[in-house]
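Heads up: the structure comes next, in structure tokens.
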Amino acid sequence: MKILLLLAASRTDPLRRNDPFMPLSLPLLAATAPGHTYTLVDLLWDDDVDTAMDVDLVGISMRLTGENRAYAIADAFRRRGVKVVIGGPQASAVPIRVREHADAVAVGEGEPLWPTIVEDVARGTLKDFYVCSPVPFVLPSPESTLHQVDGYADLSALPVARRELYRRSYRFDTVFAMRGCPIDCDFCAVPSLFGRRFRTRPAADVAAEIDTFRNYYYLLDDTVFGKAATYDYYLDLYARVAGLKKRRFWCGQGNLDAVGDEKGRAVIQAAVRAGLLYVMVGMESISPATLAASGAIRKMGVRGGEDPLRRMAENVRWLQDQGLVVSGWFVVGYETDTLESWEATLAFCRENHIIPVISPIKALPGTRLHERLLAEGRLDDGRFLNLRHPTLKDADVLAAWQRVAREGYSLKAIWERTRFMARRFKDPARGDRIHKTIFTWILQTKMKKGMIHDEVFEEGSPPSERG
Ligand code: B12
């Protein structure tokens, strides 16, 4: 069959032509069902897709920000009678809505589903829903058809992702070693998508894949430091990566609690030896009450009786002292937040030399936060700022968002953070210091582009979520 695989993205997404990371889902799927002719389109880079293209099947990967565009493209193909299947994190969260625009919806991990979907299309027996999850799937009507894999994907022998299907090369390759997350914060979609237990791929497979990369890469795991249950796994993986002949730099998401644990610190140091240079930390909020309510406090490494913010700042400093560039990912807009929370969060980042990624809160469908707000009648779905706040107005929030983005990425702010880190890159023997300093500067100038939206938000949604 001729199969088109497409990553949906809004035409006005600030990440467009600015996303250095290779999206991994579709090359992975293509590898699970070989023997077909695949074309891959990434709308974060490609301008458009030819909906008159001669194909037998279209597989669309849909994230939160690509939903409207995914529907427009799916509708155009289906008008011509081409079968369309939509999957991905947002599709998994709102499958019933997606079914209105697709012949079939894939919920959860695609590896065990895609070969069956392709076969069913070839045989003319496509079902409505394909689900990979141990949680029973509730069908919207008795006539709906379902294929469910009861459990999660087996990661022990995955085929290698077909990255060569992309016609362009990305600055960062991507790879994953682990899926699932037991931390279970109420705002996060990962537990419902990948489960609440860590599952790992064989470290040898991951290291072998990394050894094919040109230079920079992104280890997509939700925490590249892990928790006690996975410290040994990561120690083994990072020793293998450090042992590769070619040295590469990489980035990933990290949690602060590993800093408070002796073995956790050993994992972080092993990661640095293996080339980890930039770590994104989900710090979520500077309000201790919010951290406690969402469950995110569990990943900050705060012990009973301690001042949470001070401990978080100290843990960040320890990471920076290892030569790691740290960005802090925060959301503002919880009930306890005020307009001042924006500036206060930025000030916390400034004091601690953290690259600020401060966004308005959005309750993601499929999360406990979303369910709670819905039950309490405080959810305005369909709007970008879907948490109805007691005092904050949308226009003020959007203005504050952009104000802190401009301030947080002023040339002065970028320069100060780069200078702070340059003092911590101590590896003169390898000539890495200059390389890392330039990396720190370029990283921030690229992030700035994704953060500052020149367009006015009069449509009530940010550019990234328009069609
Ligand atoms: C890397 C990452 C990013 C990178 C993306 C880089 C890139 N080019 O890929 C960056 C940092 C830019 C990013 C930004 C954001 N992200 Co992000 N990100 C991730 C992360 C950590 C990994 C994504 C990934 O590549 N996973 C590995 C691939 C293989 O998994 P996958 O894409 O889900 O695909 C699997 C299945 O979903 C399924 N599948 C996917 N597509 C299809 C299609 C078909 C046809 C089928 C059958 C199956 C299928 O099969 C695949 C294999 O199992 C995830 C969390 C996670 N653990 O997945 C969050 C995640 C995807 N991000 C999320 C969010 C919310 C965001 C932001 C909105 C955050 C913000 N406030 O700015 C922005 C949005 C940016 C934008 N404009 O799109 C949410 C998405 C929720 C949702 N409902 O869509 C997630 C799940 C995190 C979370 N905590 O909830 N993100």
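The values are calculated or read from the model by the stated rules, or taken from the named source; none is laboratory data. Owing to the predicted nature of the structure, the values given are computational and were not obtained by experimental measurement. Here Cβ is always computed from backbone atoms with ideal geometry, including for glycine, and neighbour counts include all displayed protein chains.
Of all the numbered requirements in (1) more than 8 Å from the ligand (Cβ to nearest atom); (2) out of contact with any Leu (no Cβ under 6 Å at 6 or more places or on another chain); (3) among the hydrophobic types (A, V, I, L, M, F, W, C), LEU113 misses one, and that requirement is (1).
The residues on offer are ALA344, ALA313, ALA271, ALA289, and the sole one that is among the hydrophobic types (A, V, I, L, M, F, W, C), over 25 Å from PRO20 (Cβ atoms), assigned to a helix (DSSP H, G or I) and touching a Phe, Trp or Tyr at 6+ places or on another chain (Cβ under 8 Å) is ALA313. Restricting the range 170-192 to residues that are at pLDDT below 90 and more than 14 Å from the chain's Cα centre (by Cα), the residue that is farthest from GLN253 (Cα to Cα) is ASP186. ASP48 fulfils the conditions (1) at pLDDT below 95; (2) part of a helix (DSSP H, G or I) except for a single criterion, (2).
Taking residues in the range 122-148 that are in contact (Cβ under 8 Å) with a residue 40 or more places away in the chain and closer than 20 Å to GLU111 by Cβ, and partners anywhere that are more than 15 Å from the ligand (Cβ to nearest atom) and part of a loop (DSSP other than H, G, I, E, B), the pairs with Cβ atoms closer than 7 Å and at least 6 places apart or on different chains are PRO134/ASP150. Quick check on the range 256-265. Is at least one of its residues more than 27 Å from TYR234 (Cα to Cα) and either within 16 Å of the ligand (Cβ to nearest atom) or not basic (Lys, Arg) (or both)? No - not one qualifying residue is present in the range 256-265.
Quick grid of which residues meet (1) of a type in the set (Ser, Thr, Tyr); (2) within 17 Å of the chain's Cα centre (by Cα); (3) assigned to a helix (DSSP H, G or I):
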residue: LEU5; (1), (2), (3): no, no, no
residue: ALA9; (1), (2), (3): no, yes, no
residue: LEU28; (1), (2), (3): no, yes, yes
residue: ALA31; (1), (2), (3): no, no, yes
residue: VAL41; (1), (2), (3): no, no, no
residue: LEU44; (1), (2), (3): no, yes, no
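Applying the set (1) surrounded by 12 or more Cβ atoms within 10 Å (Cβ to Cβ); (2) under 23 Å from the mean Cα position of the chain (by Cα) to GLN148 leaves exactly one unmet item: (2).
Set side by side, the residues GLY333, GLY305 differ, and just one is farther than 25 Å from GLY252 by Cβ and either crowded, with 23+ Cβ neighbours inside 10 Å or touching a helix residue (DSSP H, G or I) at 6+ places or on another chain (Cβ under 9 Å) (or both), which is GLY333.
When ALA405, ALA400, ALA413, ALA363 are checked against the criterion of being in the same structural domain as CYS185 (by TED's automatic domain parsing), at pLDDT 90 or above and assigned to a loop (DSSP other than H, G, I, E, B), ALA363 stands alone in meeting it.
Comparison of LEU4, LEU64, LEU44 shows that the only residue that is under 27 Å from ARG123 (Cα atoms) and of a type outside the set (Lys, Arg) is LEU4.
Restricted to strands (runs of 3 or more DSSP E) entirely inside the range 123-177, those with at least 2 residues that are out of contact with any helix residue (DSSP H, G or I) (no Cβ under 8 Å at 6 or more places or on another chain) and more than 13 Å from the ligand (Cβ to nearest atom) are 146-149. Note on the range 178-200: residues that are more than 12 Å from the ligand (Cβ to nearest atom) and buried (at least 17 other Cβ atoms within 10 Å of the Cβ) amount to 1. Among the conditions (1) buried (at least 18 other Cβ atoms within 10 Å of the Cβ); (2) more than 25 Å from THR12 (Cα to Cα); (3) at pLDDT below 90, the only one that LEU385 does not satisfy is (2).
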